[in-house]
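What follows is a short report on a single structure.
The values are calculated or read from the model by the stated rules, or taken from the named source; none is laboratory data. Bear in mind the structure is a predicted one, so any value in this text is a computation, not a measurement. Cβ sites come from the backbone with ideal geometry, for glycine too, and all protein chains shown count toward neighbours. Ligands, DNA and RNA are stripped out before the accessible areas are found, and what is left, the full protein with its side chains, is counted by its heavy atoms. Shrake-Rupley method; radii C 1.70, N 1.55, O 1.52, S 1.80 Å.
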Amino acid sequence: MGRLLYELGRVDEKTRVANERGSSKAGKSSFSWAWELDGTIEERERGITMDIALQSLSTPQRQVTILDAPGHKDFIPNMISGAAQADCALLVVDAITGEFEAGFDRGGQTREHLLLVRSLGVSQVIVAVNKLDQVNWDPSRFEEICGLLRAFLVQSGFPSSKTSFVPVSAMLGVNLVNNADASVLSKWYKGPTLVDLLDKLEPPTREIASPLRLPISNVFKGQNSGTGVTGRICGGVVQVGERLRVLPGDESAIVRLIDVEEQSVPWAAAGTNATLYLTSIDPIHLSIGSVLCPPSDIVPLATVFTARIIVFDIQLPITTGTSIELFHHSRDVPATISKLIATLDRASGVVTKKNPRVLSRGTSAEVEISLRVGTLSGPTLSTRPIPLEPFSANKDMGRILVRRGGETISAGKPLTIGAVEVLIALPGIVLDIIS
């Protein structure tokens, strides 16, 4: 992404030279372009993306916000946090023989990432087949990768009409903005560049008329402007001067400033990645995963809920009592599959079997999920609820991911919220489940 930002004028020459010198001095000269988004000391020392980096770029018809997400399996939770804020996906795969296969073979990160983004509602995907210069711009290698991915994308629920493939060399800057310098590539590829494809992405319908919902993805100390929080607005509109409820908890805050793409604005609407500077609240009450909403229309807080899930390609079946990690936007909490209610027909949703004993790979099912205390030493501690809404109320707020032992095992949508904490408002991968 660093090279693309440079080609579009979002990275100046001085910064490019500084990144080139710094990465070379650190013995990682091949990572110079990555340094534009991998800004922390640890990321640069290790040569991998570890957290979400936010940037923006403009094409002739689109203003695009980039959420650069980590690809390493150790940082899947951070990747989920980024994917939960995305409308579309740009998947960059390595064309070098053996490198693509390592990510795409069973258990590889390419497969898991595609399942994750589809499960979180993303239906448009651009696949950039990178480093083709390292395989002599071999068209058969490009077609081989496209063929394998195309079949998997369809199987995972991505509409073929919303899937695009583009050959590139990011290091050389070939076919990012134009392909005039790629004489070898131009012999067999006459299609669009990466920017051409970004320019054709379709913005999804926004839930502007819904109540405000803003899951917090980051919290930081503002400079003379209160505490800053960032996140993608999942519904409604937020305005400067508005009082908002912070859930879970009984605190509220006032919006002092709103920044969108480093510009101060009076309001922001659903679909926007925004930074809010809040006052009249102690920062200790603001945490990643909390949700901001109007005091008059709060999000239910749940410790138990039912959900319709689709089980991924797992080795060990899911049974009643299975311990899991539940992911919802930037929040992940310990939970248990407390009941297997029924298996369902994936196409119609009709119940095929009540009270099944196990759920195996590819199964669509309705289950009950119960949150649990994340410690074994506190039997008197109560389970802390999470802000959660049914998929029918808000699609962006109504998607969950389930992981076990470092593996994503299922995804789904909450149906009914049980064990809801009643609060008094203060004055002042597969299409059948991801449609």
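Here is how the numbers come out for the structure above:
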quantity: Members of the stretch 44-90 found to be crowded, with 20+ Cβ neighbours inside 10 Å and at pLDDT 80 or above, listed by number; calculated: ALA89, LEU90
quantity: Test: residue in the stretch 262-285 that is closer than 24 Å to GLU325 by Cα and under 25 Å from the mean Cα position of the chain (by Cα); calculated: yes
quantity: Lone unmet requirement of (1) open to solvent by 10 Å² or more (accessible area, probe 1.4 Å); (2) not in a loop (DSSP other than H, G, I, E, B) for TYR189; calculated: (2)
quantity: Odd one out for VAL135, checked against (1) open to solvent by less than 50 Å² (accessible area, probe 1.4 Å); (2) touching a helix residue (DSSP H, G or I) at 6+ places or on another chain (Cβ under 7 Å); (3) closer than 28 Å to SER330 by Cβ; calculated: (3)
quantity: Out of SER296, SER287, sole residue that is closer than 30 Å to VAL367 by Cβ and open to solvent by 20 Å² or more (accessible area, probe 1.4 Å); calculated: SER287
quantity: Some residue of the stretch 307-315 being β-branched (Val, Ile, Thr) and part of a loop (DSSP other than H, G, I, E, B); calculated: yes
quantity: Subset of the stretch 250-263 that is over 18 Å from VAL64 (Cα atoms) and open to solvent by 30 Å² or more (accessible area, probe 1.4 Å) - its residue that is modelled with the lowest pLDDT; calculated: ASP250
quantity: Selection from the stretch 209-228 of residues that are assigned to a loop (DSSP other than H, G, I, E, B) and open to solvent by less than 90 Å² (accessible area, probe 1.4 Å); calculated: SER210, PRO211, LEU212, ILE216, SER217, GLY222, SER225, GLY226
